[in-house]
Structures are given as C-alpha cells and as structure tokens.
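A short write-up of the structure that comes next.
Rule-based calculations on the coordinates, nothing more; no lab input. Model, not experiment: these values are computed from the prediction. Glycine also receives a Cβ, built like all others from the backbone with ideal geometry; neighbour counts cover every protein chain displayed.
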C-alpha cells in the first residue's frame, strides 16, 4: 500500500521538499520520490529518515544529486552497507512523519535553482 504524500505539488518555495518512496543500497544511492521532484542536477539535498523507515545511517546526510527522471535522482552517498530502506505498514489512526529529502543548496558552479521564483508580485 503506497504512503499518502503530504508534499505540495505546486509549492511556493522552490525547489521543495519531497517525500521519499525508496532509496537503493548502492553508490551512488538512487532516491525515488512519491511524485515529480522538480530538482536539477547539482542541487544539494539532505535526507531525513525516521527510525521506522530503516537506513538510519543515512539520516541527516547530504549530497549533490544527479537527476535521473522526474521522480528519481542519484545522490553522492554510499548506502551499500547501510540497513535497507523500508516503508512501514500503515496503521489505522496512526500518523507518522514520512522520509523526506530537503533541498539545502546547489553546486556553486551551476547556480540555476536560485533563479526559480514562483511567487506573484503584490504590486
């Protein structure tokens, strides 16, 4: 059963955080998001992985990404020998924080995401 996603499809702040559907045990790790992430190659993201999702060794690690598809990217983190990433079973009446990737910057030689502005001017 897929996890219900709490992320906004069209957020005000871009690039936006995205819920994680899977992370491979590889180098570089392949991260798949629950819907289109909108990231570009060179973004730097931090992973937030709650305990019930496994792969705690990668929690709060950050790395530069290379976009593979609208919903996946590789990240410069070696997860080969880490615990497996798992989706915990949903329990009725129990809410939990999903695993997330949060953009925190970009490689300084690209500087492309800094120009994304989705706010409409008020004047």
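Does segment 50-72 hold any residues that are within 13 Å of the chain's Cα centre (by Cα), under 12 Å from residue 22 (Cβ atoms) and not in a loop (DSSP other than H, G, I, E, B), and which are they?
72
Go through segment 86-104 and count every residue that is touching a helix residue (DSSP H, G or I) at 6+ places or on another chain (Cβ under 6 Å) and either in contact (Cβ under 8 Å) with a residue 40 or more places away in the chain or on the phi > 0 side of the Ramachandran plot (or both).
1
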